[in-house]
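Sharing a structure, written as structure tokens. Questions coming.
Read the figures in this text as sums done on the coordinates, not as results from a lab. Small disclaimer: the values here were computed from a predicted structure and weren't measured. Note that we place each Cβ from the backbone using ideal geometry, even for glycine, and neighbour counts take in every protein chain shown.
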């Protein structure tokens, strides 16, 4: 039986892990420019309630719960990079704390601390902790729902705890549909280790799915929205085995630690049944959702990308931590180092190995090379009120430079947008409606024009050639990262 002292120590460890996760998510989160997915979040959440409801009936209904939350959030705190990403950083803290609690319930305090700290700094956590999307929130819900499941399995709970499990399951699915796959993990775990409560678990899980049925039906209706995955080569051994959770530099050492920890838990299953159950749970969590998505992508339709499996991050952290403790024990038996010292050294090495990736992810162009904030800032500093701006219309919608008008409206306030036909706020879809740039005439423009072009050779882009045909000449060209801002004027 766990003593009050043990519970107190575990709470302190969870708080430490949560604080590290929060700080790692917050520090530098304001530096990278928004990118296309975050622009979709902001453009959805910044609508009025009627406008948002109208949009959700046409597109992105599966993200409705997150957009509704973000609508309230940015109404209170604004839509800066820091503000929009802060909920994800907070969720990353809860993810790390929950991972520590989960590991501590079955594996002890040292494993709890190692698991929580690794979860806080794991490359996948670093990505979603500074992202204005729902992945970190969904992952935090996943780990705490699993903590609740363990509590339900440890004693004969009252009915309302199973009701809470059902409600949590439904909430998870509303936040991110793929979290329904967590039920597969829970179900197999209950079947293997707690068969006596299988029917009660089935009842709670079924109630949760029933509550989430509306969003499941919405997802079925919107299944063509992820049709673009058919044209992306995302299903690769590198993505599936490594980049779902790690970065290229740490992937293979971490996978080796996972193998070491899993083998050690299997060999010690009689001596340490809790550790064996924990490793089994983590392996099921790591493998089954990915396998299900890969099989469905092969047999039904493409539906795989590494971000969609982010909710498996706690499992990866626990398994890496088990490998660290196993390797540290092996070192302690063969050197004068105490086990705790060896664990501390090896854990510090693993955590330090994650830091370079974290620093890269906090660079100004870290998110899909996006440089919209710098482009908007350049216009704000150099353009004159009333000047027209022509935005490159060749990229796909989520990469078009015109998105700066929605995510950085203050910087472009007072500048003309001659191609705009209708604001995104009035549209049933996500984006603005605009005429082709080559349909613009001299009457649509101003004596001085700014062009935002994406891609190579911007001085000879179709937009610039068209403007030159109307009598404009390039005065200056400023390359940022993928965007070039050109200043043109009539002689």
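Hey, how many Å between the Cα centroid of the range 328-352 and the Cα centroid of the range 14-64?
39
Using Cα pairs closer than 8 Å and at least 6 residues apart in sequence, work out the relative contact order for the chain, in percent.
18
Further question: From the Cα trace of the chain, what convex hull volume per residue do you get, rounded to a whole Å³?
It is 158 Å³ per residue.
Tell me the mean residue ellipticity at 222 nm calculated for the chain from its helices only (DSSP H runs of n ≥ 4, each -39500 (n - 2.57), averaged over every residue, nearest 500).
Working: 20 runs with 290 residues, N = 491.
When only DSSP H runs of four or more count, the value is -19000 deg cm²/dmol.
How high is the relative contact order of the range 371-489, given as a whole-number percent (alpha carbon pairs under 8 Å, six or more residues apart)?
For the range 371-489, the relative contact order is 29 percent.
Could I ask something else about it? Can you give me the orientation-averaged projected area of the convex hull built on the Cα atoms of the range 81-220, in nm²?
9.1
Among 32-38, 250-256, what's the highest-first ranking by average C-beta atoms within 10 angstrom per residue?
On the way: 32-38: 22.6, 250-256: 17.3.
Output ranking for 32-38, 250-256: 32-38, 250-256.
Here is a follow-up. Sorted by average packing, counted as other Cβ atoms within 10 angstrom per residue and highest first, what order do 465-472, 127-134, 242-249, 92-99 take?
Answer by packing, highest mean first, reads 92-99, 127-134, 242-249, 465-472.
Percent relative contact order of the range 68-173, based on C-alpha pairs within less than 8 angstrom and at least six residues apart?
Contact order relative to length: 28 percent.
Sort 313-325, 427-439, 74-86 by packing, meaning the average of other beta carbons within 10 Å per residue, with the highest value first.
On the way: 313-325: 29.1, 427-439: 15.2, 74-86: 16.8.
Ranking the peptides 313-325, 427-439, 74-86 by packing returns 313-325, 74-86, 427-439.
Let me ask something additional. Using a 10 Å cut-off around each Cβ, can you sort 304, 174 from fewest to most neighbouring Cβ atoms?
If I rank by nearby Cβ atoms, fewest first, I get 304, 174.
Roughly what angle does helix 339-361 make with the longest principal axis of the chain, taking Cα atoms, 0 to 90 degrees, to the nearest 10?
The angle comes out near 10 degrees.
Along the three principal axes, how long is the range 371-489 when you take its alpha carbons, biggest first, rounded to the nearest angstrom?
37, 28, 28
Between residue 352 and residue 197, what is the spin-label point distance in nm, taking each point 7 Å from the Cα along the Cα→C-beta axis?
About 4.2 nm separates the two model spin labels.
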